[in-house]
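Here's the structure we're looking at; comments come further down.
Read-outs: derived from the displayed coordinates by stated rules, not from any lab. Since the model is a prediction, treat every value here as computed from it, not as a measurement. Reconstructed Cβ throughout: ideal geometry from the backbone, glycine too, with neighbour counts over all protein chains shown.
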Amino acid sequence: MSNQPFQVYLRIKPLLESSTETLIEDLNDNKIVIRKDGKNSKSFVFDKIFSGVQNNEDIFDQSLRHNLDHFVEGYNTTILAYGITGSGKTHTIFGNEKDEGLSFKCINYLVNRMKYMSPEANVQMEMSFIEVYNETIRDLMSDQPKPLMIMQDNQKGSYIQGLQAIKINSINDVKEGINIANQNRSLAQTIYNVYSSRSHALIQFNLSYCFEGQTITPKLFIVDLAGSERVYQDQKSKNQQEGSNINRSLLALSNCLTILSDKSKKNQHIPYRNSKLTRLLQDSLGGNTRTIMISCIQQNKCQYDEILNTLQYSSRATQIKKQVQKSLHQQISEEKILILPNITDSEMSTKQLYLTKIYNDIYSNIEEYHEINNSLIEIQNNILQNQYQIEEIYSMSLQNNQNSINDDQMYHNLMIAQKQNQELEQQLQNALKVNLKQKQLQKSLLLQITEEQQQYIDYWELKYEESQKEIQQLKQVLQSKNDDIQSKDSQIQQQQLFLDQIKTKNPSLYTTNNDSDCSYPSSFASSTSTSQIKKKSSLTHLNTQNTLSQQSQLFDMIDRPRFSNLSHIKQILASRERSPVNSIFRQSPIRSPLRKKPSIRNITSISKVEQSEISQISSIKKSRLINDPQITTINLYGSQYINLIDKENIS
Ligand SMILES: Nc1ncnc2c1ncn2[C@@H]1O[C@H](COP(=O)(O)OP(=O)(O)OP(=O)(O)O)[C@@H](O)[C@H]1O
């Protein structure tokens, strides 16, 4: 027992003549193998296969009963009988005196279920019966079967305008309704020369009840389809396929089934609107409906090709996958409410969905518009035909002027034809009104979409402006940084120049010409902080007896970024060998330039040469240097080293 939303069952008609040969090679509960002489065996799998021995009761029990329980819970349900002429579709749906058909069994079951529902549920069930023939929908419950149109409504969804429905309280109401429909069907057949194998019969049951504050409104369609062999015939002859309306519906149905069942065509448009039948069954095939397809086949070898076609189509339908939800009355209105908040990135996907929905709405409206136009042409043709009929009757009545009985009959026919003409004209007027409404709706939808797109454009324009501003600001920052770099470069050049000048004037103050530290005065060498550099350089300059203005100028220059950037100095000197002196005195890892010239910086030379220099330092500096210098010496590798440590900077 399958519980899938799309179930396909196979019913095999028993061989009624014992002389005929069966094409079934193998058969079990859900697999059938058929074979024709000279051809390979072909096997097909279905949800369940009913062989010739099982009757309608068995089929109802095993394929429909559980689905009807779902229907009562609120799921739209459609039962389709599919197959070639004479395969047993009508027998399955309507049955006979000995074997009651599935439609009666379903209603019987539902009516019994209704009895057990509480009065508060306010259960109501209605039944309609329509026929689709040659792309015309006729209401078989009406005394005067006339063409009807499918309309679209925001609240109701798609519906058949002017379709009559009878209330059902008992199974007798159903039997009576179906009798009326069958009588009207046979009347229509005589008038329009329809054969059952070329028309589709659809019974629609609308159930409605209240449950937990919600109105549940599921629909049940029971469909006896026209003989499917027409499809294959039409497919064989392309001219016929395009031009003929004999069974455009079935061709459209098989096209829809093909797309729905093909995973690779998942996003492809499904042409439900290509026929009245597929439009009516749109929800049953791909939409929010549980669908039970009962494919009927004969088993005569002589019908191999047609049976094979039915099996292929039906087994393809087993591939249809869909999800269904309960049919609540509020669902339609909820779907319509789509608010447009301000656009943000995270909401883009919602926007895309909304746009897709609008496009789909427009698409379906355009299709509907064409459909209404086709209906208009159809009605106009009917009016014309009636006009001819009236003229014909009138000319005949003139010819048979003498015959009063004929006259009366002719007059009567004339009146009927005129009345029909008037009704058709009325329908034409209505259709024109609907057409106009559709046009207006399309226009408003197009305006809506333009508005939506404008919002997107505005949003991105705003974003663009903001980005432009940001770029501008960044450019300005970049420019100022470049200017800064340029000014610092020029300062460095000036410093370099100035230091070169000093170096040229006082070469003795610099440790060595080969050392890359030559640009620094010797007393800088073991200092790492800017202030140390500053102070020691001042000492050096005092030693060279420069003027005070020159000293201050030098202070200014040395205080410039090149020297203030400690990491820059470290970077230049990092690769150098770590001075043992510095290691010991825990100073910066700068190799002391003194090492290169131990003779200049040994303790003896300090006492002799530098002592006199120190004596020339201004009184403040002097006191600081004399009273509070820390002069430390160390003997390493046979040389005396001196290191001047300024306490202020060490702390
Ligand atoms: N399972 C069955 N057991 C016995 N008789 C059957 C069975 N199926 C069909 N028949 C008989 O076969 C004949 C043709 O069946 P039916 O009218 O149901 O075919 P159909 O597919 O509806 O054809 P059409 O498309 O012309 O309406 C009928 O006389 C019917 O009683």
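In terms of the mean number of neighbouring beta-carbon atoms within 10 Å, the peptides 206-213, 35-42, 176-183, 86-93 order highest first as 86-93, 176-183, 206-213, 35-42. Distance between the modelled labels on residue 486 and residue 453, one decimal in nanometres: 4.8 nm (7 Å Cα→Cβ projection). Estimate the FRET efficiency between residue 100 and residue 20 by the formula 1/(1 + (r/R0)^6), using the beta-carbon distance for r and 22 Å for R0, to the nearest 0.05. Approximately 0.20, to the nearest 0.05.
In the structure shown, the pairs 13/36; 146/276; 48/175; 13/219 are assessed against 27 Å; a Cα-Cα span above that value is assigned to 48/175; 13/219. Spin-label point model (7 Å from Cα, Cβ direction): what's the residue 503 to residue 418 distance in nm? For residue 503 paired with residue 418, the spin-label model returns 12.6 nm. The distance between label points at residue 118 and residue 159 comes to 2.9 nm (points 7 Å beyond Cα on the Cα→Cβ vector). The calculated FRET efficiency for the pair residue 396 and residue 171, based on their C-beta separation and a Förster distance of 51 Å, comes to about 0.60. For the pair residue 302 and residue 69 in one chain, pulling the backbone fully straight at 0.36 nm per residue adds 79.9 nm over the alpha carbon distance.
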